[in-house]
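Just below is one structure, and these are the notes that go with it.
The values are calculated or read from the model by the stated rules, or taken from the named source; none is laboratory data. As the structure is a prediction and not an experimental result, all values here were calculated from the model. Heads up, the Cβs are rebuilt from the backbone with ideal geometry, glycines too, and the neighbour counts pull from every protein chain shown.
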Amino acid sequence: MRGALLLLVLVVVPAAAQESPPAFDDSVDVRLVNIDVFVTDKKGRRVDGLGREDFVVYQDGRPVEVTHFSRVLGASGGSGGAAGELDAELGSEPPATIPDPLTVVVYVDNSTLTPHHRNRVLDEVEAFVVEQAGAGVGFMIAVYDPGLKILTPVTAEADRAREVLAKIGKMSARGLTQQSERRQAMDQIESIYTLFLDLGQDPCSAGWEQMIAAVDTYAQAAGSRVQSAQSGLLGLTRSLGGVPGRKSILYLSDGLEQRPGIDLYSFLGELCPERDREMFAFMTRWDETSTLTELAEYANAHRVTLYALETAGLTGFSSASAEIGDRRFMPSARVDSLRVGNLQGSLFVMADQTGGKAFLNANSPGPELERMAEDFADYYSLGFAPPTGWDGDSHAIRVELVGRAAKGAQLRYRQRYRAIPEAERMAERTLATLVLGWEDNPLGTEIRVGDQVPAAGKTWRVPVEIVLPAGSLGTLARPDGENQLLRVLMMAEDDKGRRTPMREKVIPLVGKPEEDEPRTLVVNVELESGPHTIAVCVRDEINRVASFHKTTVDVGNQL
């Protein structure tokens, strides 16, 4: 947030603070890597009857012990009661459990959509939301415009969902800008080619660098769009890390260019066949696959499954366009296929690596959304403790079936995950409190805002009081007395959506607290004038329990 400050300064501590945090006994981290595995036979029907012994899980190529296993089957029955071909061979299935809590985010990426394509699918998306909300699924609705905007918190109210989706249908969208920039790049190529031809020179020699520069300019802009869209999805995904249970994102988009400009480089190669051998280097110059993979890894770490719905449906070929007068500059079927495949490739990567699905070329998405609903209530849940711990690195996952269970079976599951350390997970959970309002208070703490005073420049010093109930914190006996250790994280957002950086402070408390007496800490926050929302995490580092709060303050306008 430009010009805004968030400073954590300990003002009042009821006992003297020591210079270094106290040591405390090691505790066991019981967090697991959760994998939801969807198993179908060769006809696409769900397979029942599998047990823990039928699965083998690998991390980075090495087998790991599956410590938690369940066959999850919701009230909807998932596959509608149709058993897969493997069932008769495998015998009776293990006891089924009810699915974990599920939150579904309908995420409309207006930065990549045309209004016509978006509105074409909204009625069927609405019908899907209404049906699943009636079955108890919690929905959030969000847009990227650009910038992530949460239009409704988690709700199972169908009428509220209808109201918000109707508003989305009236919003502007920027997908036409992408089409215009592509058309502009092709027009530049045509102009440069024609100019040198009229001058009696070989366009593929004299005008080559200029034509390449036109495509490079387009590719850079397209790559920026992919990164911007990924940033919005990543922000949503990381904030969902604080939401309990399973999470799914239904991502509505016209597609993102996995290799920006690849079709236009191919077009240049066809326009100048003598240069065709040079084009491979240009076609691979820009590649956003790693950007998409990073998103998938964070989604997998937070048990978020991505389902991508391409809103354009089946598209036509350039040869059917009346806009192109000179047939020399008509993209071939190969170029058109590259363009469509490039836009769809990103959707496939995001969905496939998170165990979801990409719904492509669907003029009517209703049947595809029904298959998405099957995933909500019909899967195998596997969990294991990561052998490398929560080291912050990316790790590959592979799941296999063994013995008769492997015959004809197809598996879909999340393929990589990032082992997010505890400190980062706390920061993401605080972000979820700020963005989604997802509060939780197992410590029984209370957050109050004290009297503001002017600070440096245009900022105000806002005291945030943290009230700790008596007996709420774990203690550790030491020679110098009983010790407690707090970790406080804070983040603020103004009414324009600008956020401060996440700030963190470890606060050691020394001395035995008074019985039946709460402790109050004061943390100063310096903010500019105007309405702000502040998210606060208070974590007992000894018991490893955290409370998350959200409060609002009108800075500079207190009565």
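Structure notes:
- Listed by first and then second residue, the pairs linking a residue in the stretch 206-217 that is free of Cβ contacts under 8 Å to residues at least 24 places away in the same chain to a residue that is loosely packed, with under 15 Cβ neighbours inside 10 Å and outside any helix (DSSP H, G or I), with Cβ atoms under 9 Å apart and 6 or more places separating them unless they lie on different chains, are Ala206/Leu199; Gly207/Gln201.
- Within the stretch 335-364, the residues that satisfy the criterion of being in a loop (DSSP other than H, G, I, E, B) and either over 22 Å from the mean Cα position of the chain (by Cα) or surrounded by fewer than 18 Cβ atoms within 10 Å (Cβ to Cβ) (or both) are Asn361, Ala362, Asn363, Ser364.
- Only one of the listed residues (Val464, Val399) is part of a strand (DSSP E or B), β-branched (Val, Ile, Thr) and assigned by TED's automatic domain parsing to the domain that holds Ala546. That residue is Val464.
- Search result, residues across the stretch 213-241 that are aliphatic (A, V, I, L, M) and either within 16 Å of the chain's Cα centre (by Cα) or over 24 Å from Leu264 (Cβ atoms) (or both): Val226, Ala229, Leu233, Leu234, Leu236, Leu240
- Scanning the stretch 402-414 finds no residues that are under 23 Å from Asp48 (Cα atoms), surrounded by fewer than 19 Cβ atoms within 10 Å (Cβ to Cβ) and in the same structural domain as Thr305 (by TED's automatic domain parsing).
- Condition check for Thr217: assigned to a strand (DSSP E or B) and either of a type outside the set (A, V, I, L, M) or in contact with a Gly (Cβ under 8 Å, 6 or more places away or on another chain) (or both): no
- Output for the stretch 417-446, where each listed residue is assigned to a strand (DSSP E or B) and surrounded by 19 or more Cβ atoms within 10 Å (Cβ to Cβ): Tyr417, Arg418
- Lys149 vs. criteria assigned to a strand (DSSP E or B), charged (D, E, K, R) and out of contact with any Cys (no Cβ under 7 Å at 6 or more places or on another chain): yes
- Residue within the stretch 392-400 that is modelled with pLDDT under 95 and within 15 Å of Ile249 (Cβ to Cβ) present: no
- Of all positions in the stretch 247-256, none carries a residue that is touching a Phe, Trp or Tyr at 6+ places or on another chain (Cβ under 6 Å), farther than 30 Å from Arg31 by Cα and in the same structural domain as Pro331 (by TED's automatic domain parsing).
- Residue match in the stretch 158-168 (condition: within 30 Å of Leu102 (Cα to Cα), in the same structural domain as Val304 (by TED's automatic domain parsing) and assigned to a loop (DSSP other than H, G, I, E, B)): no
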